[in-house]
Every structure is written in structure tokens, then in C-alpha cells.
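Okay, structure first, notes after.
The values are calculated or read from the model by the stated rules, or taken from the named source; none is laboratory data. Remember, it's a predicted structure, so these values are computed and weren't measured experimentally. Ideal geometry is used to build each Cβ from the backbone, glycine not excepted, and the neighbour counts take in all protein chains shown.
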Amino acid sequence: MVRRRNPLAEVFFLGIPTLLFIFVMLIPLMMSVFYSFTDWDGISKSYGFVGAENYARIFTTDTDFLDAFLFTAAMSAVTTVLTVLLGIILAAALSGGMRGRNILRLAFFLPNTLGGVVLGYVWKFILLIGVPYLGSRVSWQIFQIAWLGTPWSAFIAIALVSIWQGAGYVMVIMIAAFVGVPYDLTESAILDGASPRKILFSIKLPYCMPYITVCVFWVLSQTFKMFDLNVALTNGGPYGSTVSMALQIYRDAFNLNKYSLANAEAVIFFLILFVLTGIQMKVSKDKEEKYDAS
Amino acid sequence: MMRHDTVFSWVGKAVLIIAAILFFSPFVIVIIDSVKTQGEVIENPFSLPLELHFGNFPHAWESIKLGSAMANTAVTTAFGSLLLVYLSASISFWCVRHPTRYSRIFEKALLCSVLIPFSSIMLPVVKLLSMADLTGTLYGGIIAYCGMGMAFSYFVMRGAMKSLPKELEEAAMIDGCTIYRTFFSIIFPLTVPTAVSVLILEAFWIWNDYNIAVILLNSRTTKTIQVAIHALFAQTYSQWDIALPALVISMMPIIVMNILLQKKIFAGMTAGAIKG
């Protein structure tokens, strides 16, 4: 079919999306880059160019963002591994025809559909009121800790809540993945006398690798962007030990009036996620090619 | 062998059920404690209430103006997610079925934009919206949600658009259907199952979002439920007989949706992950 050019229809279908894209994504991103090379405080009428000074400050005098990076990276590493593991275990357990599986799935999945602020405060209540109460009754060490009071325990608390929130997502994706494993593959393995565990490790998991990759990078990018959980659970404390990158940018811009510095941090934040996603695309593509070749 | 497996599966089942109870218990504790008095909560957060103080709920509703926060969240969520469905259908219709040189460029740019986290563009977005006099209104928030959610929605819709046979549209054209009518009466209705997935995913995202809301919808009249809950806890979180009912109220719509739409939600998440 020969297509006639139809510029009017093009405007009709892509006009508003284009405007949204330009004004919400493109121009703001360029402005972020632009302001990161100035000394603007966000309010004054005039500002000057300072070159890469803001970037230099991040690595020399204003090192809070570096600390935030280290916190976020450590948190992402721990959380991603454990969330994906837990999610896969849950999916393996719940993808069979077990009775009552829907209600179990719901229990594991529910935290994922609630917002970080709400989840954070639910846990803040448990940790501030529930745990000390248990500590007054039972002498277990685990209940004697002021969970949000020391840097390392606050780290663990945020990690736990984050895993609690993310595992349900991985579970849902992996259930779909397991269901998609061709029946003849598992059937012939069963006929050969393979145990369910053997089938899981030797057939299902290798077959589902692309899905696992999706999950790993999803959790990774979610935890790298972590913001609301920190705000609700610890608000960055104690002693600023749990400030994530997104929270640091927010504070520098809105609480500390370091507007241009915050823009430089925003640009670095973007570059980090850009690289992460780039790696993801490369990994998925290599896998696909390998899969196609074999 | 057989025996061993059965024992293992019983132990496995028990562990699974205990794990599910542990996963769910924070919600149960909060819900139970929400109908207790402040004194009762502090004294023993794990006890059942002596009396059911349902009065906590209207009290919480009044004292932090949850009604207006709920209304703001509902309006933003409804408009944001419906617009995203329309926008993503419209983009995918053009990019998949009528690709032009411009549509290919736009598609690439849009796909790249999923890499941009909101935190790295939020400062200029605030500037731009205030220049357009849109800060402190729900419009500003809705525009930001549409801009930020467009790429992901498009990802999901593209799959559905690709799977429709070409002949449909050709037949419509031959019958004298305009391209607009083809889109609205023939193509869009066929993508409805996927559109529902997009709607659910984006509605959950907007309802739960704090990152965009705290920056663009933080004024007294536009506060969303997440912002209101945060403000409540930041000021007086030791007043549990207000804070806990407020938390429960904010969670209820999501919990109910989960129970009603579990299958649809799972399908949506899967579609989002695999096609995206």
C-alpha cells in the first residue's frame, strides 16, 4: 500500500506527545546541564558561569553527595541481590498448582503496590513502638536494638523494608516466566526421573535468564532512585548516614539553597542511571544473540 | 524418595505460610491499632483492642483534611492515567502503523527518556511550570506525570499495536474511514486489554508517588495523600490515634483494588516488564 504523506494527522497523533516530551524532559535536562555550570542560587536575577566548579565541589568541599552515592550503591547492591533471590524463591514455590496460592501471592505482592511513604511509616511505627514493646517482654538481642538509631541498623531497616517492597514484583514476573517454560521441556525431564528441584535449577532457571535480567535491573534502578522510603523511615538520619542521592539533590536544592550544585548532582545522577541502563541493554542484547545463535 | 518429597513439601508449605503471615503482619498490626486509643497503642501494640474506637477515623479525616487530599489524589490519578492511556495509544498508533521520518526520531528520543530519573530534571521542571503559572495547581502535577510516564506507557502499548493485523486498517480505509475514525473506532477498541494494563500500572504509580508530588503538589490546596501523610508524621507522629487511622485510610483503596483486580494487575506488571 502506498502511503500518502499526511502531516495534519502526524500533528494530531504526535503533536501533544512531542510538546510534553520537549517541555517535561528535553528542556529540563538541558537546563540542568546549563545551570550546573553556573553559580546561580535559583532566586537571584543574575548569575555567572563558573565552569566545572560545581562538579569539582562535589569531589572536594561538598562531599555529601559522594557519601549519598556510597550509601545508595551499597544499599542497591545488598537490596538487589536479596530481593531477586527472595522473589525467585517465592515464584518457584507459588507457580505450582498449590491450593490457596492466590491469597499467598496477594500477601507477598501487596507491599509492592503501596507507596514508599506509607510503607515507611508503617515500619516506623513497628520499629518505634512494636519492637521496644517486644524488647521489654523478651530479652532477645534483636528487640533491644534502636533500629532507626544507629547508622548500621538504620541501613538494615531500610534494606529490609525495600526488600519487603520489591520481592513481590520479582515474584510476579518470575511466576509468568516459569509458566512460560514450554511444557515438553519439563515433561521429558519428569519422564527421565528428574526431581522438581533438579528441573528448577537445570531447566527452568536457565530458560528464564532473560526475565531474571529484567528483574535485576528493575530492582537496581528502583533502589538507585530511592527517595520516599528514606524520607519516611529515617529522613536521612541518624547523622545523615542514610541520605540517598535523590534525597541529597532535594535537600541541596530546596533546603540548603545550593541550586547550581544540586543541578550538577542531578547531572551526575542522570549519568549514573544512563550507564546502568546502558549495561542492561548490552547484557540483554548479548543474551538474545547468544540465544538466537544456539 | 516419595516420602521424603512429601515431608519436604509440607515443611515448605508451612514455611511459605509463615512467611506470608510475616509479610502481611505489619498491615494487620496497623489496622488493629488504628481502632485503639493512644494509651492502648503505647501500652501494648500487639494486643486486640478493648473497645473498637471507630471514632478515630473521622477524627483523623478531619484533623489533617484527608478529604481534600484524597480528592486531589483521585483527580490527579484519574486524569494522569487516562491521559497516559490516550497519549500512548496515539503515539503507538502513529509510530507503529504509520512510521515517518519524524516518528522514528521521536520514538528513539522517547525510548531514551526512560533513562532520565525525575530527580535529575525536577529543578528545571519546577522553574518551567512556575513560568507557566502552573505550580500550585493540579494541572502542573498532571503534566509532569504525563511527561514522565509517557515512555513507559508507550513501551507497553507498542506491543499491542504491533500485534494487530494490517488488513483491518486497510479495509477501513477502503470503506472510506478517515484516519482519525480508524484510530478511535477500530484500532483503539482492539487495544483495550493492554490499555487497561497501562491504566492500572500508571494509576498505582501516580497514587503512590511522593517524589513528584512533594515538589509540584505540595501547596495547601493541592496536597496529595502521600504528601499529607508525610506532613502528618513529620509533625506529630507520636499521636498514633490520628496517624494510624490516616495510614489505614490511605492504604484502603489500594488494598481493595488488589483484591478485586489481582489477575489484571499481575498481567499488567508482566506486560510492562517483558515488553519494556
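What to note about this one:
- Sole exception among (1) outside any helix (DSSP H, G or I); (2) touching a Ser or Thr at 6+ places or on another chain (Cβ under 6 Å); (3) not β-branched (Val, Ile, Thr) for residue A:176, by number: (1)
- Residues that are among the polar types (S, T, N, Q) and modelled with pLDDT under 80 within the stretch A:260-292 comprise just one, A:284.
- Checking the stretch A:2-19 against the condition returns a match, with at least one residue being closer than 30 Å to residue B:173 by Cβ and under 27 Å from the mean Cα position of the chain (by Cα).
- Selection status of residue B:34, modelled with pLDDT under 90 and not assigned by TED's automatic domain parsing to the domain that holds residue B:152: no
- Among helices (runs of 4 or more DSSP H) entirely within the stretch B:110-187, having at least 3 residues that are at pLDDT 90 or above singles out B:122-131, B:138-162.
- Within the stretch A:40-49, the set of residues being surrounded by 16 or more Cβ atoms within 10 Å (Cβ to Cβ) and either hydrophobic (A, V, I, L, M, F, W, C) or modelled with pLDDT of 90 or more (or both) comprises just one member, A:40.
- In the set (1) within 7 Å of chain B (Cβ to nearest Cβ); (2) surrounded by fewer than 20 Cβ atoms within 10 Å (Cβ to Cβ); (3) polar (S, T, N, Q), the condition left unmet by residue A:32 is number (2).
- Residue A:223 meets the conditions (1) of a type in the set (Ser, Thr, Tyr); (2) more than 8 Å from chain B (Cβ to nearest Cβ); (3) surrounded by fewer than 22 Cβ atoms within 10 Å (Cβ to Cβ); (4) in a helix (DSSP H, G or I) in every case but one. The failed one is (3).
- For the stretch B:259-274, a residue qualifies if it is more than 9 Å from every other protein chain (Cβ to nearest Cβ) and either in contact with a strand residue (DSSP E or B) (Cβ under 6 Å, 6 or more places away or on another chain) or of a type in the set (D, E, K, R) (or both), and exactly one does: B:264.
- Within the stretch B:139-150, the residues that satisfy the criterion of being without any contact (Cβ under 8 Å) to a residue 60 or more places away in the chain and surrounded by 23 or more Cβ atoms within 10 Å (Cβ to Cβ) are B:143, B:147.
The rows are residues; the columns are (1) surrounded by fewer than 24 Cβ atoms within 10 Å (Cβ to Cβ); (2) in contact with a Leu (Cβ under 6 Å, 6 or more places away or on another chain); (3) part of a helix (DSSP H, G or I); (4) facing chain B (nearest Cβ under 10 Å).
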| position | (1), (2), (3), (4) |
| --- | --- |
| A:239 | yes, no, no, no |
| A:249 | no, no, yes, yes |
| A:264 | no, no, yes, no |
| A:276 | yes, no, yes, yes |
| A:279 | yes, no, yes, no |
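- Qualifying residue in the stretch B:189-208 (condition: more than 24 Å from residue A:170 (Cβ to Cβ) and within 7 Å of another protein chain (Cβ to nearest Cβ)): no
- Tally, over the stretch B:96-138, of residues that are under 30 Å from residue B:165 (Cβ atoms), within 9 Å of chain A (Cβ to nearest Cβ), buried (at least 17 other Cβ atoms within 10 Å of the Cβ) and aliphatic (A, V, I, L, M): 2
- Restricting the first member to the stretch B:173-190 and to residues that are of a type in the set (Gly, Ala, Ser), and the second to residues that are modelled with pLDDT under 90 and part of a helix (DSSP H, G or I), the beta-carbon pairs closer than 9 Å and six or more apart or on different chains are B:185/B:172.
- Helices (runs of 4 or more DSSP H) lying entirely in the stretch A:50-154 (those with 3 or more residues that are of a type outside the set (Val, Ile, Thr), within 14 Å of chain B (Cβ to nearest Cβ) and farther than 19 Å from residue B:25 by Cβ): A:64-94
- Only a single criterion out of (1) over 25 Å from residue A:62 (Cβ atoms); (2) within 16 Å of the chain's Cα centre (by Cα); (3) within 10 Å of chain B (Cβ to nearest Cβ) is not satisfied by residue A:228, namely (1).
- Unique match (being at negative phi and touching a Pro at 6+ places or on another chain (Cβ under 8 Å)) among A:206, A:210, A:238: A:238
- Residue match in the stretch A:141-150 (condition: surrounded by 21 or more Cβ atoms within 10 Å (Cβ to Cβ), aromatic (Phe, Trp, Tyr), within 29 Å of residue A:78 (Cα to Cα) and touching a residue at least 12 places away in the same chain (Cβ under 8 Å)): yes
- Number of positions in the stretch B:204-249 that are in a loop (DSSP other than H, G, I, E, B), outside the structural domain of residue B:133 (by TED's automatic domain parsing) and touching a residue at least 60 places away in the same chain (Cβ under 8 Å): 1
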